[in-house]
Amino acid sequence: MMDYEEYDPDYKKEIINTIQELSPFWSLIGMELIDVKRGWARVRLPFAKKLTNAMGTAHGAALFAPVDSAVGVALYGLTDESETFTTVEVKVNYLKAVSEGEIIAEARITHKGSTIALGEVEVRNGAGELIIKGMVTYMILKRRN
């Protein structure tokens with residue numbers, strides 16, 4: 001298992017606040033970044049009625065959000081100011097429905113090259129049961145000035 005480098009505690013707070021501020025979608029659904037290291041992140045999404053499908057369980061799209069977001073935040077710490085990135089592919093296995101509690105996504109970057117990054121994510125319910133296993137591929141781009 002890879003050891004993920006901790007941020008300075010003040011910088012970690014800044015990252016958490018910045019991500020929340022710059023991502024209005026996170027606020028819209030109630031998602032929050034609860035911990036982050038370089039190449040690793042944990043995101044929480046409390047279950048809410050507004051996230052449900054017609055069957056009363058969390059909608060697949062709502063569960064997808066912490067998958068992509070957690071891996072993206074994990075990758076953020078491995079890029080420099082000259083780089084940006086975008087999601088190009090996501091593989092998600094939905095294993096169990098959620099109808100209460102909280103949803104916790106824990107992501108880790110398993111590969112970062114000059115043009116492609118790959119991250120893995122496990123999403124668990126409040127009881128710690130695995131509800132999603134996912135893999136996300138990002139394209140790394142050079143920022144334009």
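Could you count how many residues in the range 1-23 are surrounded by fewer than 12 Cβ atoms within 10 Å (Cβ to Cβ) and either at pLDDT 90 or above or aliphatic (A, V, I, L, M) (or both)?
Total satisfying the criteria: 3.
I'd like to verify a number: residues in the range 16-61 that are under 21 Å from residue 112 (Cβ atoms) and touching a residue at least 40 places away in the same chain (Cβ under 8 Å), how many?
Initial filter on the range 16-61 (under 21 Å from residue 112 (Cβ atoms)): 18-19, 33, 35-43.
Checking which are touching a residue at least 40 places away in the same chain (Cβ under 8 Å) leaves us with 19, 33, 36-43.
Final tally of qualifying residues: 10.
How do the pairs read when you match residues in the range 123-145 that are farther than 30 Å from residue 81 by Cα with residues anywhere that are assigned to a loop (DSSP other than H, G, I, E, B) and charged (D, E, K, R), using Cβ under 8 Å and keeping only pairs 6 or more apart or on different chains?
Cβ pairs passing all conditions: 125/96; 126/100; 129/96; 130/96; 131/96.
Restricting to the range 45-74, count the residues that are assigned to a helix (DSSP H, G or I) and either in contact with a Gly (Cβ under 6 Å, 6 or more places away or on another chain) or surrounded by fewer than 15 Cβ atoms within 10 Å (Cβ to Cβ) (or both). Reasoning before the result, please.
Residues of the range 45-74 that are assigned to a helix (DSSP H, G or I), as a first pass: 49-51, 60-74.
Filter once more, keeping what is either in contact with a Gly (Cβ under 6 Å, 6 or more places away or on another chain) or surrounded by fewer than 15 Cβ atoms within 10 Å (Cβ to Cβ) (or both): 49-50, 60-61, 67, 71, 74.
Total meeting the criteria: 7.
Kindly provide the set of residues from the range 75-114 that are touching a Gly at 6+ places or on another chain (Cβ under 8 Å) and not in a strand (DSSP E or B), ordered by number.
75, 77, 78, 99, 100, 101 - these are the residues of the range 75-114 that are touching a Gly at 6+ places or on another chain (Cβ under 8 Å) and not in a strand (DSSP E or B).
Mind checking whether some residue in the range 80-94 is on the phi < 0 side of the Ramachandran plot, of a type in the set (Phe, Trp, Tyr) and crowded, with 18+ Cβ neighbours inside 10 Å? Even if it seems obvious, please write down each step before you answer.
We begin by selecting, within the range 80-94, every residue on the phi < 0 side of the Ramachandran plot; these are 80-94.
Now restrict to residues that are of a type in the set (Phe, Trp, Tyr): 85, 94.
Restricting the remaining residues to those that are crowded, with 18+ Cβ neighbours inside 10 Å gives 85.
Yes - at least one qualifying residue is present in the range 80-94.
For the range 16-44, which residues satisfy the criterion of being β-branched (Val, Ile, Thr), assigned to a helix (DSSP H, G or I) and either under 13 Å from the mean Cα position of the chain (by Cα) or closer than 19 Å to residue 136 by Cβ (or both)? Don't jump to the end; show me each part of the working.
Applying the first criterion (β-branched (Val, Ile, Thr)) to the range 16-44 yields 16, 18-19, 29, 34, 36, 43.
Cutting the leftovers down to assigned to a helix (DSSP H, G or I) gives us 16, 18-19, 29.
Scanning the range 16-44 gives 16, 19, 29.
The values are calculated or read from the model by the stated rules, or taken from the named source; none is laboratory data. Just so it is clear, the structure is predicted and the values come from calculations on it, not from any experiment. Positions of Cβ are generated from backbone atoms using ideal geometry, with glycine treated the same way; all protein chains shown enter the neighbour counts.
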